[in-house]
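Please read the structure below before turning to the comments.
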Amino acid sequence: MSFFVSIIIPFRKKNPYLEECLHHIEQLTYKDFEVILLPDQSETYPSYSFPLKVIPTGPFGPAQKRDIGNKAAQGTILAFIDDDAYPDPDWLTPAITHFQKIEVAAITGPAATPSSDSFLQKASGLVYSNRFSSGHCTHRYCPQKQMEIDDAASVNLLVRKSDYEKVGGFNTHYYPGEDTKLCLDFIQQLKKKIIYDPKSLVWHHRRSLFLPHLKQVSQYALHRGYFIKRFPKNSLKLNYFLPTFFTLYMILLLLTWVYKPQIAFIFSFPFILYIFLFIRAIIKENSFSLSAITFMGGFLTHLTYGIYFIKGFLSTELKR
């Protein structure tokens, strides 16, 4: 069975990354699709080889924009991608195969770092794709084996339109984290599956180390900490708590050096092991300079995540 696909891209205004994304969409091997652009305000675009709709939405968040895009979508499959990402030529093809099975509600795949990214962007990508720093989430950033999962990122998410509408779409003001809620709705309400296929690949430009990257991490952590309480089914996992444990340990280590320096060296052994294992994990395939900056970025990522995870966990509500 063939499916018509609606590729939906929410963003604020036209930018070079979006133009790159549209260029690569033209190269897709699966041709039965349309593209729906969702800028804040009306904009003009050149003609492409595919049907293109431009729908000004006003200053809404990505979740609300995607819900607006769904209303205009003609496809039976909705393919969500961000404006700072672009698809591999075969992005849609594996998903079409999976959607032949009615029990599948959504398909996702990795969002890898492009080779064209800057040095500091690549370092950010290494922080995300390294198992030592990202734990069980590395499949989101580099291709791994096909599997069934319970959470997926909306930068690379394809869903069955009928299932999307059954659960009410994203229907949330959360961002980031809107994708966590949608995936949970598919699993809990519809009892359907989400499949991770490494061949459904997109390339995602990273936020540069340090401040842009850490700002993004803080938002991920803030929402995940809150979602532990709000959506525990696919958020209550030990892996998400580890940066907080590490942050608390670092605070205790600092206090030990200040007030109990005679035992501080012994108490430092876990941190020394942390440094050794982290550097060992990233230096195998990368230059010394890239490994060094990635280590610093990873260390600050763990601390930032740990702090904002606690903040989210203690919050009574989150707003965009």
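Values quoted throughout were computed directly from the atomic coordinates according to the rules given, and no laboratory measurement underlies them. Bear in mind that the values here come from a model prediction, so they are computed numbers and not experimental data. For neighbour counting, all protein chains shown are included, and Cβ atoms are generated from backbone atoms with ideal geometry for every residue, glycine included.
The angle between the Cα long axis of helix 238-259 and the longest principal axis of the Cα atoms of the chain comes to about 30 degrees, rounded to the nearest 10.
Of MET147, MET250, MET1, MET296, the sequence from fewest to most neighbouring Cβ atoms within 10 angstrom is MET1, MET147, MET296, MET250. Could you pull out the pairs from LYS31/LYS199; LYS101/LYS237; LYS31/LYS122; LYS13/LYS53; LYS145/LYS215 whose alpha carbons sit more than 20 Å apart here? Over 20 Å apart, Cα to Cα: LYS101/LYS237; LYS31/LYS122; LYS145/LYS215.
3J(HN,Hα) along region 199-204: 7, 7, 9, 10, 10, 10 Hz, from the Karplus curve 6.51 cos²θ - 1.76 cosθ + 1.60 with θ = phi - 60°, whole Hz, x for Gly and Pro.
The equivalent ellipsoid that matches the C-alpha gyration tensor of region 5-208 spans semi-axes of 23, 22, 17 angstrom, in descending order. Near ILE8, the amide H atoms lying under 5 Å from its own belong to ILE36, ALA79, PHE80, ILE81; only residues 5 or more places off or on other chains count, and H is placed 1.01 Å from N. Residue by residue, region 131-137 carries 3J(HN,Hα) couplings of 4, 5, 9, 10, x, 6, 9 Hz when phi is fed to the Karplus relation 6.51 cos²θ - 1.76 cosθ + 1.60 (θ = phi - 60°); x denotes Gly or Pro. Relative to the longest principal axis of the Cα atoms of the chain, the long axis of helix 16-25 makes an angle of roughly 60 degrees.
By DSSP, the beta bridges lying fully in the chain are antiparallel in about 40 percent of cases. Working note: Karplus 6.51/-1.76/1.60 with θ = phi - 60° gives region 302-314 the couplings 4, 5, 4, 4, x, 5, 6, 4, 4, 4, x, 5, 8 Hz, where Gly and Pro are set to x. Shape index of region 34-76: Rg/Rh, with Rg the Cα radius of gyration and Rh the Kirkwood radius from the inverse mean 1/r over Cα pairs, equals 0.96.
Legend: ranking of residues THR57, THR29, THR138 from fewest to most surrounding C-beta atoms inside 10 Å; resulting order THR29, THR138, THR57.
Cβ crowding within 10 Å, taken as a proxy for footprinting-reagent exposure, orders TRP203, TRP91, TRP257 from fewest neighbours to most as TRP257, TRP203, TRP91. Cα axis of helix 269-283 to longest principal axis of the chain: angle in degrees, 0 to 90, nearest 10? Roughly 40 degrees between the two axes.
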